[in-house]
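Below: one structure, written as structure tokens.
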Amino acid sequence: MTELTMPSPELAGTTPLTDNQLAQLAGIATSLSREQAIWLSGYFAGLGGTQAPPTVPTAGPDVRLTTILVGSETGNCREVASALAESARAQGIETKIADMADYKPRSLKDEGDLLVITSTHGEGDPPQTALDFFEFLAGRKAPKLPELRFAVLALGDSTYEHFCAAGRQVDSRLEELGGTRLTDLVECDVDYDDDAEAWVETIVSELVASAPAGGEMNFATPVAAANGATPSAFSKKNPFQAEIIENIELTGRGSTKETRHVELSLEGSGLEYRPGDVLGVMPQNDPELVSTLLERLSLSGDAEVTLKKETVTLREALTSRLEITAATPRFLEQWGEVADSSELRELATPDRAKDRIAYLNGHHVLDVVERHPVPGLEPDQFVAGLRPLQPRLYSIASSLAAAPDEVHLTVSTVRYSLHDTPRTGVATGFLAGLTGDEDTVPVYVQSNDHFHLPGDDTPILMIGAGTGVAPYRSFMQEREARGVLGKSWLFFGERNFRSDFLYQLEWQDLFRSGVLDQFDLAFSRDSAEKVYVQDRLRRRGREVYSWLEEGAFVYVCGDANHMAPDVHAALVDIVAEHGGQDSDGAEEYLSEMRRSHRYRLDVY
Ligand code: NDP
């Protein structure tokens, strides 16, 4: 039975419909279910064509606002948010996507339904851009929310101790403030797609089932009838096979690192990106590691396994479908059962979280199966505990304005030894090994709104260590190609001047041509005492502060655990010293810069 307000004869004079049409409409309306009514409403809105934009809800006594609130550093949460908005819209429910970076937390009390999607970083921290929101929510100023209905989707990585901590925090705090859950918290691992999809489905059906009775509804144009742009043919789910144009070592002879410059062709893909965006790369596992694993497990690569209802050979599964390097808590638990190992079973218990993480850091999948062999293992038993291979994200190092149809990456090959065996990073090793003309790389573009250039000629300060320099090459190419005159200043750090000055000639050319106004370098291993980018910032503190006062944007890119906090501390000191503030005042100065999007981080 529908709960919609029926068209009544009194309406006749106030609508463009004839009496007869109104009577027919009333007849149809009383026979409709809620879903049918919603669909029909959207259908009529869609018939309105280009002149009839979807109804956007406005705050009113009878309208529940449905907000999707996103906290994201890498864009994965934003992607889920868009899927949710689209799916809700297909059911006739209009939602609004808000980013925690811009969200006014005081609006919380006006929300009807709040759907939070957030990731967790480092030691259980919220995304950098969401720090203010989390602080407000945890604090005493957070309002009581008795009317609020909410749901939280937490993205994380189960190989970290504080898995999904940020999501858990929002979920429990919203309950504490009086909110009611639309559905329980869902925690997703790095292979979040299926769990996120299921969450989206649950949420949308909850919203449909509980749309306000008798009140106004947030009708929207169903997707089928909407006249939106055609989405790009290539995406995370359907990556483009990009040919390799160039793959060279940037680091010179004698370097203690191997950092590469990789150029890929996007020709024919229709893929576009902006400086600051990132490229998703779908890697393949090292064939040697696959062979070693097969040998240790006494399994044939030709054996068949079933992954998500698809049958593939075990070699294909281990090469292109599953993560076979870092082990996860789920793998430990599952292998503990298969191998009947009390050591692994114990490590899987909740009170051993710290030991478990330490064990995982020191033992890859190969090490676990070597230490706990299983005679007569079935191939499906092995793959059951592994998670799907995930794409890796890299900051784009080029600009389409300078290199149309191309995308460039700066990749530092991760090589180390564990238990006396050489190991290679999954994606960096994969990219390093691709030099043949025939090689292609599956890629897609992910927008990184928080790290874009200012649209005008606002001055920019670019701070980066190691591969963190990549987006700045893109920024400079863009400004040069577009003739943007804004001032720019690069702080770059690496190990040794002679071998590790990435893109040295390009920076020097940009400096000579005036596109780059200043650059300061920190080579940490050229002197007895370490010199880092933050030391260079401090040394130029007075000028740095005057750039900040002029309205410069500050960009920080590279290591999240040490470099970014140390650079932040240096900026606080600079603002305190040259702005005549105490450290609280200086922190607030930088918080304000973050709120107004002038302090931008892309750290990993
Ligand atoms: P690194 O960040 O490892 O090193 C670059 C420079 O930063 C070095 O001179 C290093 O000095 C210095 N440094 C070390 N500690 C600090 C600090 N606290 N503050 C400022 N500078 C510091 O460069 P990479 O390019 O190898 O890696 C960058 C980040 O990307 C890291 O987080 C790394 O884990 C991650 N990564 C990157 C990949 C890629 O290819 N893009 C792949 C996998 C991970 P020193 O070493 O002499 O102390």
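The values are calculated or read from the model by the stated rules, or taken from the named source; none is laboratory data. The structure displayed is predicted, hence computed values, not measured ones. For neighbour counting, all protein chains shown are included, and Cβ atoms are generated from backbone atoms with ideal geometry for every residue, glycine included. Note: areas computed on protein heavy atoms with side chains; ligands, DNA, RNA excluded. Shrake-Rupley method; radii C 1.70, N 1.55, O 1.52, S 1.80 Å.
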GLU337/GLU135 FRET efficiency (R0 25 Å; Cβ-Cβ; nearest 0.05): 0.05
Residues GLU346 and LYS96, FRET efficiency given R0 of 51 Å [Cβ-Cβ distance, rounded to 0.05]: 0.60
Degrees between helix 19-31 axis and first principal axis of the chain (Cα, 0 to 90, nearest 10): 60
Ranking by accessible area, most exposed first, for PHE150, PHE136 with a 1.4 Å probe: PHE136, PHE150
Solvent exposure ordering (accessible area, 1.4 Å, most first) of VAL208, VAL190: VAL190, VAL208
Taking the chain and dividing mean pair separation by its residue count, relative contact order in percent (alpha carbons under 8 Å, at least six apart): 12
0 to 90° range, to nearest 10: angle between helix 287-297 axis and the chain longest Cα axis: 80
Segment 562-604 versus segment 412-486: alpha-carbon centroid distance in Å: 24
Semi-axis lengths, Å, segment 222-360, gyration tensor of Cα atoms, sqrt of 5 times eigenvalues: 36, 25, 19
The chain: Lys pairs at Cα distance under 15 angstrom, eight or more positions apart or on different chains: 5
Surface share of carbon and sulfur [accessible, 1.4 angstrom probe, percent] for the chain: 50
Computed FRET value (nearest 0.05) for ARG296 with ARG512, which takes r as the C-beta separation and R₀ as 56 Å: 0.50
Candidate residues ILE68, ILE97, ILE357: accessible-area rank, largest first, probe 1.4 Å: ILE97, ILE357, ILE68
Nitroxide proxy distance, nm - points 7 Å out along Cα→Cβ at LEU418 and ARG253: 3.5
For segment 63-110 versus segment 289-319, the gap between their alpha-carbon centres in whole angstrom: 40
For GLU147, solvent-accessible area (1.4 Å; no DNA, RNA or ligand), Å²: 140
